[in-house]
Amino acid sequence: MPDVVIIGAGPAGIFAALTLLEEGVSDILLVDRGRDIEQRECPARKNQQGCVHCTPCALLTGWGGAGAFSDGKLTLTTEVGGFLGELIPTVELQELIRLADAKYLKYGAPETVHGGSNRAVRRLKALARKAEMELIEMEVRHLGTENCYRVLQRMRQDLDGRVEIHTETRVTQIQAERGVVQGVHTEAGEFIPARYVISAPGRIGADWIRDETRRLGLEAIPSPVDIGLRVELPAAVMEEITATTYESKLIYYSRTFDDKVRTFCMNPYGEVVSEYVGDIMTVNGHSYAEKKTDNTNFALLVSTLFTEPFDDPIAYGRYISRLANLLGRGVIVQRLGDLADGRRSTPARIARSSVKPTLESATPGDLSFVLPYRYIKDITEMLAALDQIAPGVNSRHTLLYGVEVKFYSHRIEVDRNMETRIGNLFAVGDGAGVTRGLIQASVSGMLAGRAIARNTRKPRKRSPRKSPKVQR
Ligand SMILES: Cc1cc2nc3c(=O)[nH]c(=O)nc-3n(C[C@H](O)[C@H](O)[C@H](O)COP(=O)(O)OP(=O)(O)OC[C@H]3O[C@@H](n4cnc5c(N)ncnc54)[C@H](O)[C@@H]3O)c2cc1C
């Protein structure tokens, strides 16, 4: 019987395991429904063909979690990437971010840090303010898609033999009795008893954990859905911004609707990619540390929270994405000039664009058939504002890909140690709805690991549980 079962080998689960070991807890079982890192291969990425709908998705599940093939941008600030700042003091969170970053460095992350607060950043911040935007000052460590994978591989090697790791093992149920966790049930019909359970199933596990929290009687509140477009333009247009900050987080409140619009996931010299979230295709972007394109891409996202009578932002986001997939048979691309002039982009018009699309499989079309007027207005107003600090952004040649949607899990009620109201059950990472990025997900795992280590050092109280047994 392991002391701790961790559900999910994404950054939250991995950092929980690393911390538990460091703190002297060694009886750990880490399970993931996806494959081990070496066996994770997404056919769509490998062959540049469409998604073949692997079950489970090789891109989002398995050792390393959703970010294994990602760009690996570690945003070293308390201001983005999650809500841990609402649970612990900012100074403490900043220190934990520093420690998590140090771990990424230990496993091979590059030394270079971009951005921070320097003269060039302050100048850019002033320019942004003049254009009615707020630039968040932050440091970013860019792993790059190839390094991200290597770092996760090294973490796997380091944990090998010290933590029991079961991949291709899906947890179906968390068992609790009289308010205390007892263990987990797997798809294979096995019951694994454990003193502590850390749930870290990521966004891919959002629906499952939402149902589990309901069944266990835990409080969970809906999170907003972020809907928008990915923008692609010549790297030279964004050069001053990306050279100064690498990943710039700019926030704008739209004139017409007063909606919050923000830049997200900026990829200098990167490429636009399509990705599957369940059965829908959305757009994303990444950049390699070494391989460069001529373009920069970033998303412009608008957050929407529904309250009543409709309170299902995930369903709304899926609906919009499905519409894009229906009309474009996948991702749609449109020139900004065509959108402004109320006409669709055609292959001939895209070919005349001075920006060559890096996602060649995108279908030239008309995004105004997909996105509600509110989103189009919010985004075009922000593009106009951005043009004031990076002339050329609002060019008719700028490419817009749609749609980009970010779903967030329902937010589970946890305390500052990431413990739920069920004793010894911890909920961490994106699956708990408390984080939205690699660094905060990692920190949340560290918090749970530390709390469990503290508890195990206390003398054990008599357990109300029945003697553990494995049921098949
Ligand atoms: C394409 C892409 C690019 C990204 N780029 C960045 C970036 O540059 N910077 C950044 O900060 N963030 C980025 N992110 C977000 C980042 O990857 C996530 O915030 C982070 O991975 C969350 O970590 P996690 O451990 O909470 O969940 P995940 O990484 O999603 O891991 C959860 C794991 O749990 C497993 N699991 C789920 N359900 C079960 C179950 N029932 N039983 C067993 N196992 C289960 C899954 O298989 C998965 O491996 C990106 C995400 C994507 C998809």
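Side notes on the structure shown:
- Residue satisfying condition, being among the polar types (S, T, N, Q), surrounded by fewer than 21 Cβ atoms within 10 Å (Cβ to Cβ) and modelled with pLDDT under 95, within set Thr55, Thr75, Thr90: Thr55
- Selection from the stretch 233-277 of residues that are of a type outside the set (Ser, Thr, Tyr), more than 19 Å from Thr77 (Cβ to Cβ) and part of a strand (DSSP E or B): Leu233, Pro234, Val261, Glu271, Val272, Val273, Glu275, Val277
- Pairs, first farther than 8 Å from Gly449 by Cβ in the stretch 10-24, second more than 9 Å from the ligand (Cβ to nearest atom) and small (Gly, Ala, Ser), C-beta under 7 Å, six or more apart: Gly24/Ala453
- Some residue of the stretch 289-305 being modelled with pLDDT under 90 and of a type in the set (Phe, Trp, Tyr): no
- Between Glu404, Glu381, Glu419, the distinction of being surrounded by fewer than 24 Cβ atoms within 10 Å (Cβ to Cβ), in contact with a Ser or Thr (Cβ under 8 Å, 6 or more places away or on another chain) and on the phi < 0 side of the Ramachandran plot belongs to Glu381 only.
- Applying a threshold of 6 Å to beta carbon distances and a minimum spacing of six or more residues, or different chains, the list of pairs starting in the stretch 159-187 at a residue that is more than 13 Å from Ile14 (Cα to Cα) and ending at one that is at pLDDT below 95 reads Arg178/Pro464; Gln182/Arg465.
- Scanning the stretch 72-92 for residues that are of a type in the set (Val, Ile, Thr) and within 9 Å of the ligand (Cβ to nearest atom) turns up Thr75, Val80.
- Taking the stretch 126-211 and the strands (runs of 3 or more DSSP E) fully enclosed by it, the elements with 1 or more residues that are within 22 Å of the chain's Cα centre (by Cα) and within 22 Å of Gly115 (Cα to Cα) are at 133-136, 139-142.
- Test: residue in the stretch 385-403 that is aliphatic (A, V, I, L, M) and either within 14 Å of the ligand (Cβ to nearest atom) or without any contact (Cβ under 8 Å) to a residue 60 or more places away in the chain (or both): no
- Single residue of Arg45, Arg98 found to be away from the ligand (no atom under 15 Å from the Cβ) and closer than 30 Å to His114 by Cα: Arg98
- Filtered residues of the stretch 293-317 (kept if of a type in the set (D, E, K, R) and in contact (Cβ under 8 Å) with a residue 40 or more places away in the chain): Asp294, Asp311, Asp312
- Exactly one residue out of Thr435, Thr456 is modelled with pLDDT under 95 and among the polar types (S, T, N, Q): that is Thr456.
The values are calculated or read from the model by the stated rules, or taken from the named source; none is laboratory data. Please read all numbers here as calculations on a predicted model, not as lab measurements. A quick note on method: Cβ atoms are made from the backbone with ideal geometry, for glycine too, and the neighbour counts reach across all protein chains shown.
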